[in-house]
Amino acid sequence: MAAHIDVAAAIIRREDAIFVARRGPNQKMAGLWEFPGGKIETGETPQCCVVRELMEELSMTTAAGAIIATNTHRYEELSVNLIAVEVQMLKDQFTLTVHDRADWVPLNRLLELDLAPADIPIAEQVIAVSEQRGA
Ligand SMILES: Nc1nc2c([nH]c(=O)n2[C@H]2C[C@H](O)[C@@H](COP(=O)(O)OP(=O)(O)OP(=O)(O)O)O2)c(=O)[nH]1
């Protein structure tokens, strides 16, 4: 049976744009765009995980809110349960360490990115939620 992991990913919104990062050359799935985050450790909430990972990988100071979307994707050898958490940046700064690019992408262009496969349904749910909220 394929290994299974729970991963928390940050949905950081600024006006009509979402923060995305591209997986760096030393990471699995290098070159694909993702919502930054990482594996949830035992006993950790998705919110604690995402705040910790954003600090570790991007030196970003954040606060996490509600879970906005989830998706389980089966890669060849790994099943990833991706939990997308709404996150606020508390300071407008970050530093790339594991990613090689980051960008703010308008919601209506999110699906044009070469996203990690698990992230496509998450992006669709984020777009749907924003449309329901009327913004
Ligand atoms: N962080 C993150 N990982 C994702 C996304 N989509 C997706 O399929 N993944 C996969 C890639 C990896 O197999 C796994 C999380 O890996 P990671 O490398 O970011 O997590 P981590 O920092 O805790 O891992 P590690 O380097 O310590 O091994 O989930 C996403 O949007 N964000």
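None of the figures in this text is laboratory data; all of them are computed from the coordinates on show. The structure presented is a predicted model; accordingly, all values stated were derived computationally and were not measured. Cβ atoms come from the backbone with ideal geometry, glycine included; neighbour counts cover every protein chain shown.
Name the single residue that is farthest from the chain's Cα centre (by Cα) among those in the range 114-135 being of a type outside the set (Asp, Glu) and away from the ligand (no atom under 14 Å from the Cβ).
Gly134
Surrounded by fewer than 19 Cβ atoms within 10 Å (Cβ to Cβ) and farther than 25 Å from Gln132 by Cβ: is that true of Glu56 in this structure?
It is true that Glu56 is surrounded by fewer than 19 Cβ atoms within 10 Å (Cβ to Cβ) and farther than 25 Å from Gln132 by Cβ.
Considering each of Ala30, Ala84 in turn, give the residue that is of a type in the set (Gly, Ala, Ser), within 14 Å of the ligand (Cβ to nearest atom) and outside any strand (DSSP E or B).
Unique residue meeting the criteria: Ala30.
Any chance the range 8-22 includes a residue that's away from the ligand (no atom under 12 Å from the Cβ), farther than 22 Å from Gln125 by Cβ and either charged (D, E, K, R) or in a strand (DSSP E or B) (or both)?
There is no residue in the range 8-22 that is away from the ligand (no atom under 12 Å from the Cβ), farther than 22 Å from Gln125 by Cβ and either charged (D, E, K, R) or in a strand (DSSP E or B) (or both).
Return yes or no: is Glu76 exposed (fewer than 13 other Cβ atoms within 10 Å of the Cβ), of a type in the set (D, E, K, R), under 20 Å from His4 (Cα atoms) and touching a helix residue (DSSP H, G or I) at 6+ places or on another chain (Cβ under 9 Å)?
Spelling it out, it is not the case that Glu76 is exposed (fewer than 13 other Cβ atoms within 10 Å of the Cβ), of a type in the set (D, E, K, R), under 20 Å from His4 (Cα atoms) and touching a helix residue (DSSP H, G or I) at 6+ places or on another chain (Cβ under 9 Å).
Conditions tested, residue by residue: (1) surrounded by fewer than 16 Cβ atoms within 10 Å (Cβ to Cβ); (2) farther than 20 Å from His4 by Cβ; (3) more than 9 Å from the ligand (Cβ to nearest atom); (4) of a type in the set (D, E, K, R).
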{"residue": "Lys39", "(1), (2), (3), (4)": "yes, no, no, yes"}
{"residue": "Gln47", "(1), (2), (3), (4)": "no, yes, yes, no"}
{"residue": "Gln93", "(1), (2), (3), (4)": "yes, yes, yes, no"}
{"residue": "Glu112", "(1), (2), (3), (4)": "yes, yes, yes, yes"}
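Filter the range 59-69 down to the residues that are part of a strand (DSSP E or B) and either surrounded by 15 or more Cβ atoms within 10 Å (Cβ to Cβ) or within 9 Å of the ligand (Cβ to nearest atom) (or both) and list them by number.
Thr62, Ala64, Ile67, Ile68, Ala69
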